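The values are calculated or read from the model by the stated rules, or taken from the named source; none is laboratory data. Computed from a prediction, not measured in an experiment: that's the story for all the values here. Cβ coordinates were reconstructed from backbone atoms using ideal geometry, including for glycine residues, and neighbour counts include every protein chain displayed. Accessible surface is based on the protein model in full, side chains and every heavy atom, while ligands, DNA and RNA are left aside. Shrake-Rupley method; radii C 1.70, N 1.55, O 1.52, S 1.80 Å.
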Amino acid sequence: AAWSIFLTATLTTSALLASFASIAAFAFLIAVLKGLFAALTRGVTAGLLSTAGGLLSIFIMLVLKYFLKDKGTYFVYSMFGALAHNMGQFIVISILYTSIGIVYYLPVLIVAGIVAGMITAVLLNYIMPALNALGLEKGIE
């Protein structure tokens, strides 16, 4: 459903914050726990999709952070993270369901990833100054 895309954007923001904290293990743990929650509440397939999307998203954001260093922006990380999340889900669903019709969902996933990435970037632009005001900037940026 459409609401789950926006919930995913919010949960991905948490993982993004953790990856910005340079504690990749914590970011990956959040992705796995989110996947377990999805499996418990919506079934095994949802759990696999969530876990694959979350892990690929964090991996891509960490690779970007490594190569971009201080040049990366919330917008870049959010866009690539959201797109990677949806591609991770697409890979898993392609393995589970071998129907060629699944390819038709790819444009929808790309658009949804772009929208989720923009929402996440906007949220981070508001959340990060508030966290920095609390004195948490040393662990996050």
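Could you say which residue among I100, I95, I110 is open to solvent by 50 Å² or more (accessible area, probe 1.4 Å) and touching a residue at least 12 places away in the same chain (Cβ under 8 Å)?
I110
Quick one: which residue in L131, L124, L68, L29 is crowded, with 19+ Cβ neighbours inside 10 Å, on the phi < 0 side of the Ramachandran plot and part of a helix (DSSP H, G or I)?
L124
Restricting the stretch 71-100 to residues that are part of a loop (DSSP other than H, G, I, E, B) and among the small types (G, A, S), which is modelled with the highest pLDDT?
By that ranking, first place goes to G72.
Does G47 meet the test of being open to solvent by less than 20 Å² (accessible area, probe 1.4 Å), over 18 Å from G117 (Cα atoms), free of Cβ contacts under 8 Å to residues at least 24 places away in the same chain and not aromatic (F, W, Y)?
So G47 fits the description; yes.
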